[in-house]
1. Would you please state the base-10 log of I(q)/I(0) at q = 0.15, 0.17, 0.18 1/Å for the range 78-144, with intensities from the Debye formula using one equal scatterer on every alpha carbon?
2. Work out from phi, with θ = phi - 60° and the Karplus expression 6.51 cos²θ - 1.76 cosθ + 1.60, the ³J(HN,Hα) of each residue of the range 42-56, listed in order in whole Hz, and give x for Gly and Pro.
3. Using amide H atoms built 1.01 Å from N in the peptide plane, name the residues 5+ places from Arg26, or on other chains, whose amide H lies under 5 Å from its own.
4. Report, in deg cm²/dmol and to the nearest 500, the calculated mean residue ellipticity at 222 nm for the chain, where each DSSP H run with n ≥ 4 adds -39500 (n - 2.57) and the sum is divided by the residue count.
5. In terms of modelled amide H atoms, which long-range or inter-chain residues lie less than 5 Å from the amide H of Leu12?
6. Amide H to amide H under 5 Å from Arg86: which residues, 5+ apart in sequence or cross-chain, H placed 1.01 Å off N in plane?
7. Kindly give Rg over Rh for the chain, based on alpha-carbon atoms, with the Kirkwood expression for the hydrodynamic radius.
8. Please state the relative contact order of the chain as a whole percent: Cα pairs under 8 Å, 6+ residues apart?
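Nothing in this text is a laboratory measurement; each read-out follows from the coordinates by a stated rule. Every value quoted in this text rests on a predicted model; they were computed, and no experiment measured them.
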Amino acid sequence: MAELMRLVQSPLALAGLDTDLHGKQRRLVHKSIPQETGKDFTYSEEEFTVRDYSEGLPGLFWRNFYGPAFLRMFGERLGALPAESRQNLGENLVLVQPYELPTAAGTESGMARERELISLLGPECFYDHEHHTLPARRPVLDALGQPLH
């Protein structure tokens with residue numbers, strides 16, 4: 001993963017079940033349009049929680065590979081993570097893995113573990129799914145880490 005991140009010049013890589021990735025990166029928004037009949041036309045639309053990593057992080061997943069921009073953002077808080085959840089993969093890359101298997105995502109114990117690690121890393125760095133607010137802290141990206149859109 002480290003080599004791939006270097007190749008595509010990305011400071012972030014996430015791995016997990018599709019349902020977990022989709023559930024944290026998007027949310028369903030219910031909308032309505034008034035009609036002449038007086039009855040609203042209601043529909044649902046998917047919206048991104050964060051469009052890309054420049055807006056912060058959508059949550060924790062099974063495997064979270066953080067490069068330099070995120071290491072700077074988290075700073076010494078990475079050291080507060082339990083050793084079994086954090087692995088240094090080189091000078092500028094850290095793997096944060098809340099649980100051993102990706103199938104733990106969405107379970108009570110998996111979500112509790114994610115909340116625990118997010119509280120240690122700083123909840124302000126992550127999308128708030130309860131209040132639907134963007135992260136207050138975002139990574140400072142260098143020219144190579146800028147999103148490609």
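1. For the requested q values the scattering log ratios are -0.60, -0.75, -0.84.
2. For the range 42-56, the Karplus-derived couplings read 10, 7, 10, 9, 7, 10, 6, 6, 10, 6, 7, 5, 5, 8, x Hz, x marking Gly and Pro.
3. Thr49
4. -7000 deg cm²/dmol
5. The list, which skips near neighbours in sequence, is Gly67.
6. Gln97
7. My calculation of the ratio gives 1.05.
8. 27
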